[in-house]
1. For the condition among the aliphatic types (A, V, I, L, M), part of a helix (DSSP H, G or I) and under 12 Å from the mean Cα position of the chain (by Cα), what is the one hit in LEU102, LEU126, LEU77, LEU70?
2. Return the residue satisfying two criteria in turn: it lies in the range 105-123 and is among the acidic types (Asp, Glu) and assigned to a strand (DSSP E or B), and of such residues it is modelled with the highest pLDDT.
3. So which residues in the range 80-99 are in contact with a strand residue (DSSP E or B) (Cβ under 7 Å, 6 or more places away or on another chain), closer than 28 Å to ALA61 by Cβ and in a loop (DSSP other than H, G, I, E, B), if there are any at all?
4. If you take the residues of the range 80-92 that are within 16 Å of SER143 (Cβ to Cβ) and of a type in the set (D, E, K, R), which of them is nearest to the chain's Cα centre (by Cα)?
5. Six or more apart or on different chains, Cβ atoms under 6 Å: show the pairs whose first residue is in the range 127-143 and closer than 12 Å to LYS78 by Cβ and whose second is at pLDDT 95 or above and not aliphatic (A, V, I, L, M).
6. Looking at the range 29-51, can you tell me whether even one residue there is under 26 Å from ILE133 (Cβ atoms) and touching a residue at least 24 places away in the same chain (Cβ under 8 Å)?
7. Restricting to the range 90-124, name every residue that is more than 20 Å from LEU77 (Cα to Cα) and either touching a helix residue (DSSP H, G or I) at 6+ places or on another chain (Cβ under 6 Å) or not acidic (Asp, Glu) (or both).
8. I'm checking my understanding of the structure. Among residues of the range 21-31 that are exposed (fewer than 13 other Cβ atoms within 10 Å of the Cβ) and among the hydrophobic types (A, V, I, L, M, F, W, C), which one is modelled with the lowest pLDDT?
Amino acid sequence: MLALAHRPPLLLLDEPSSGLDAVARRDILAVVVRSVAEEGRTVIFSSHLLDEVERVVDDVAMIHQGKLALHMPMDELKATHHRRVVSFDQPVTSFPQIPGVLHVEGEGREWAVITHGAADATREQLEQAGARILDETSPSLDSIFVARVVGSQTMQAVA
């Protein structure tokens, strides 16, 4: 197999670091990154360890229940997804329906929200709904995945 697959232009890696300790996982990721950088190899990296994936990928494809849930460049994904902690003056029993909101968690006055869209536009929509933004960060790839595949179900349960 090694003779036939010597320096292939495409590598398919399915859970390459599963079951490895932290040092071995770091070494595997370094080899993958070096392989791409030095040899221009394309690597398809399938993993449930999304924090690892986030550190090494250029493009992200998320699959949920056998269907493509999202596909975009990592830079675009990070630029268009935002995690905000918001507060309302008065407790709310359900989070308002706001375009671009993918996932909400919370109750009463304080909520954590994952949004998709232009940062200024989603911020403005939240503020127009009466939310005051307390904190704004870039969500992890794991949080984005959860928001995309479970977000609408969670919003319906909360709302």
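The values are calculated or read from the model by the stated rules, or taken from the named source; none is laboratory data. Given the structure is predicted, the values throughout are model-derived calculations rather than measurements. Here Cβ is always computed from backbone atoms with ideal geometry, including for glycine, and neighbour counts include all displayed protein chains.
1. Numbers: LEU102 fails: part of a helix (DSSP H, G or I); LEU126 fails: under 12 Å from the mean Cα position of the chain (by Cα); LEU70 fails: part of a helix (DSSP H, G or I).
So the residue among LEU102, LEU126, LEU77, LEU70 that is among the aliphatic types (A, V, I, L, M), part of a helix (DSSP H, G or I) and under 12 Å from the mean Cα position of the chain (by Cα) is LEU77.
2. GLU110
3. Correct list: empty.
4. Going residue by residue through the range 80-92, those that are within 16 Å of SER143 (Cβ to Cβ) are 80-86.
With the extra rule that they be of a type in the set (D, E, K, R), the set shrinks to 83-84.
Values: ARG83: 11, ARG84: 14 Å.
Filtering the range 80-92 for residues that are within 16 Å of SER143 (Cβ to Cβ) and of a type in the set (D, E, K, R), the one nearest to the chain's Cα centre (by Cα) comes out as ARG83.
5. Filtered contacts from the range 127-143: THR137/ARG83; PRO139/HIS81; PRO139/ARG83.
6. yes
7. Listed by number, the residues that qualify are GLN90, PRO91, VAL92, THR93, SER94, PHE95, PRO96, GLN97, GLY106, GLY108, ARG109, TRP111.
8. The selected residue is VAL31.
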